[in-house]
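Reading through the structure tokens given below for one structure.
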Amino acid sequence: MTNQNLLIFLLTEPQGTVRLPGSKSISNRMLLLSALSHGVTEIRDLLHSDDTEHMLQGLRTLGVSVEALGDHAYRVQGCAGDFPVKDAQLFLGNAGTAFRPLTAALALAGGHYQLSGVPRMHERPIADLVDALRELGADIRYLGAEGFPPLEIHPAKLLSGSRVAVRGDVSSQFLSALLMALPLMQVQPRLR
């Protein structure tokens, strides 16, 4: 197996229009990216699902301004990665598409957070993502069974020059969660 490097370039002012298909994964990724960005993002045709409702509620709990415009459209005021609420408890039901990316973002956001869900969520593995975040200096603790939610997150002591390894055969959500959260670090690690 050869090492492959993934290069991510910073866009200073991205603009455009994206038409979302009916996907809870894409909808929740778009919501989180909008919250982490600078400025205002309008999202149209957001999939209405239990997962997106939990993400919307989670972002509001974190102090992100999310305004419903009607007909599955929302206006999100980005916080540039600095969530206004630094101490919160988030209940995310069985929404893995909300739980995993929020875990990564909050692990690097400099606050104290507890994430939990329904009993079924607490049976869904998250150890690979937690281990990768810990390699970056994240302080994440299991509140139940090792390797599974619920989680408690404390401010990270970020490690510069870190390398992150994450398995891609368990869940694509782990890799996408890391990619969305990594810009929150002052020194971005190299993926291996």
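The values are calculated or read from the model by the stated rules, or taken from the named source; none is laboratory data. Treat the numbers as computed from the prediction; the structure is a model and nothing was measured. As a convention, Cβ positions derive from the backbone with ideal geometry for all residues, glycine included, and neighbour counts pool all protein chains shown. Ligands, DNA and RNA are stripped out before the accessible areas are found, and what is left, the full protein with its side chains, is counted by its heavy atoms. Shrake-Rupley method; radii C 1.70, N 1.55, O 1.52, S 1.80 Å.
State whether the range 123-180 is rounded, prolate or oblate according to the following rule on the C-alpha gyration tensor (a ≥ b ≥ c being the square roots of its eigenvalues): a/c under 1.5 gives rounded; otherwise a/b larger than b/c gives prolate, and the remaining case gives oblate. Oblate is the answer for the range 123-180, as a/c is 1.5 or above yet b/c matches or exceeds a/b.
When the accessible area of the chain is computed with all protein chains present and a 1.4 Å probe, what percentage of it is carbon and sulfur? That share works out to 51 percent. The largest accessible area among ASP45, ASP71, ASP51 belongs to the first residue in ASP71, ASP45, ASP51, and the rest follow in falling order (1.4 Å probe, all chains).
For the range 20-66, just say rounded, prolate or oblate: build the C-alpha gyration tensor, square-root its eigenvalues into a ≥ b ≥ c, call rounded for a/c under 1.5, and beyond that prolate if a/b exceeds b/c, oblate if not. Taking the square roots of the gyration eigenvalues as a ≥ b ≥ c, the range 20-66 is oblate. Inter-part distance, the range 116-151 to the range 56-115, computed on C-alpha centroids, equals 17 Å.
The Cα-based radius of gyration of the range 31-117, divided by its Kirkwood radius, gives an Rg/Rh of 0.94. The accessible-area ordering, largest first, of the residues ARG141, ARG124 stands as ARG141, ARG124, per a 1.4 angstrom probe.
Local charge sum around VAL170 (other residues, Cβ-Cβ under 13 Å, Lys/Arg +1, Asp/Glu -1)? With Lys, Arg at +1 and Asp, Glu at -1, the net is 0. For the range 80-192, the solvent-accessible area works out to 43 Å² per residue, with a probe of 1.4 Å and every protein chain left in place. What is the local net charge at ARG120, summed over the other residues whose Cβ is closer than 14 Å to its Cβ (Lys, Arg +1; Asp, Glu -1)? Charge balance in the 14 Å sphere: -2.
A 1.4 Å probe over all protein chains sorts GLU146, GLU152 by accessible area into GLU146, GLU152, starting with the largest. Of the two radii for the chain, the radius of gyration is 0.94 times the Kirkwood radius, both from the alpha carbons; that is the Rg over Rh value. A probe of 1.4 angstrom, applied to the heavy atoms of all protein chains, finds TYR74 with accessible area near 40 square angstrom.
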